[in-house]
Amino acid sequence: MAPDTVTRTSRQKVAHARSAAPKLVKGRRDFFKYRDLEVAEASDGGMRAQVMQASQGMSRPTGWHYHECDGQFIYMIKGWVELQFEDGRTLKVEEGDSLFIPGYLPHNEIRTSDTMEILEVSVPGKMGTVPCERPAGFKE
């Protein structure tokens, strides 16, 4: 007797983003360059992956905001970024470091190195950014 066979179907497909032919897209911040890694379409909207680059550092803090998503993961390829969080912490994410930011958690990117490169992944693939007030009691 043959074993039962489970047939699975998926709307996902393979995505291969080549560095030799980068797909640059408009992003949340004018002072970053965004390279789409084509994961959002390949994952049928399940996740998004992009590389953010800066060549002259951040000109000003992003301002307090949160992202409408389940979560955002970053891996620092080159350089560093400093972020403030609603609990009063300031974290400096440096080359080789990673950071997971839960969805809807207010934060503020305050500084970057002159040149930087970050791999950013978010779930799901569509992520909104909403400005918000500085958290009550936050000490600058």
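What follows draws every value from the coordinates through simple rules; no lab data is involved. Nothing here was measured: the structure is a model prediction, and the numbers come from that model. As a convention, Cβ positions derive from the backbone with ideal geometry for all residues, glycine included, and neighbour counts pool all protein chains shown.
Non-local amide H neighbours of residue 95 (under 5 Å, H modeled in plane, Pro and chain starts lacking H): which ones?
Correct list: 79.
How large is ³J(HN,Hα), in whole Hz, for each residue of region 104-118 in order, when computed from phi with the Karplus curve 6.51 cos²θ - 1.76 cosθ + 1.60 and θ = phi - 60°, using x for Gly and Pro?
6, 8, x, 7, 9, 7, 9, 7, 9, 5, 4, 10, 7, 8, 10
Please compute the Kirkwood hydrodynamic radius of the chain from all pairs of different C-alpha atoms, in Å with one decimal.
16.4
With θ set to phi - 60°, apply the Karplus curve 6.51 cos²θ - 1.76 cosθ + 1.60 along region 59-64 and write out the HN-Hα couplings as whole Hz, x wherever there is a Gly or Pro.
Result, rounded to whole Hz: 7, 6, x, 5, x, 5.
Sorting 64, 80 on the 10 Å Cβ count, fewest up front, what's the list?
Neighbour counts put them in this order, fewest first: 80, 64.
Tabulate in residue order the Karplus-calculated ³J(HN,Hα) for region 26-43, using 6.51 cos²θ - 1.76 cosθ + 1.60 with θ = phi - 60°, rounded to whole Hz; enter x for Gly and Pro.
My calculation for region 26-43 gives 6, x, 6, 10, 5, 8, 10, 9, 10, 10, 6, 9, 6, 7, 4, 5, 5, 8 Hz in order.
Sum -39500 (n - 2.57) across every DSSP H segment of at least 4 residues in the chain, then divide by the residue count to get the 222 nm mean residue ellipticity, nearest 500.
One gets -500 deg cm²/dmol as the mean residue ellipticity at 222 nm.
Most mobile of 65, 107, 16 per a Gaussian network model of the chain (Cα springs, under 10 Å)?
Highest fluctuation of the listed residues: 16.
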